[in-house]
Amino acid sequence: MRRLRARDLALRTTNEPARSSSNVTKRNLSGLVFGKDVEVEWTKVDGYGRLVGTVVVAAVNANLEQLKAGLAWYYREYEPD
């Protein structure tokens, strides 16, 4: 199993206003992908050994769904990744 960094996004973490926000992020992402076949469209491996890519499940972009739910931010500096 490899770790993944969502391409162009930063997900909410425990550094956010409340620890519960990271739990909400995990629950939302789990609801999208847990127990389902996913495809990772990756472009590179970052300095921490994580794949940098987009998670797609049943033709749905999970990265974009996290963004729409307000559980991730788009970072322009990650765009070249």
For a test of the definition: using alpha carbon positions, the gyration tensor, and the 1.5 limit on a/c, classify segment 21-60 as rounded, prolate or oblate. oblate
Kindly sort E77, E65, E41 by accessible area of their heavy atoms, largest first, with the probe set to 1.4 Å. E77, E41, E65
Whole-Hz ³J(HN,Hα) for each residue in segment 50-59, computed from phi via Karplus 6.51 cos²θ - 1.76 cosθ + 1.60 with θ = phi - 60°, x for glycine and proline: what do you get? 8, 5, 9, x, 10, 9, 10, 9, 6, 6
Starting from the Cα of E41, step 7 Å along the direction of its Cβ; do the same at R27; then give the gap between the two resulting points in nm. 3.0
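The values are calculated or read from the model by the stated rules, or taken from the named source; none is laboratory data. Predicted, not measured: the structure shown is a model, and the values here were computed from it. Don't worry about glycine lacking a Cβ; one is built from the backbone with ideal geometry, like all the others, and counts go over all protein chains shown. These accessible areas exclude ligands, DNA and RNA; they are computed on the full protein's heavy atoms, side chains included. Shrake-Rupley method; radii C 1.70, N 1.55, O 1.52, S 1.80 Å.
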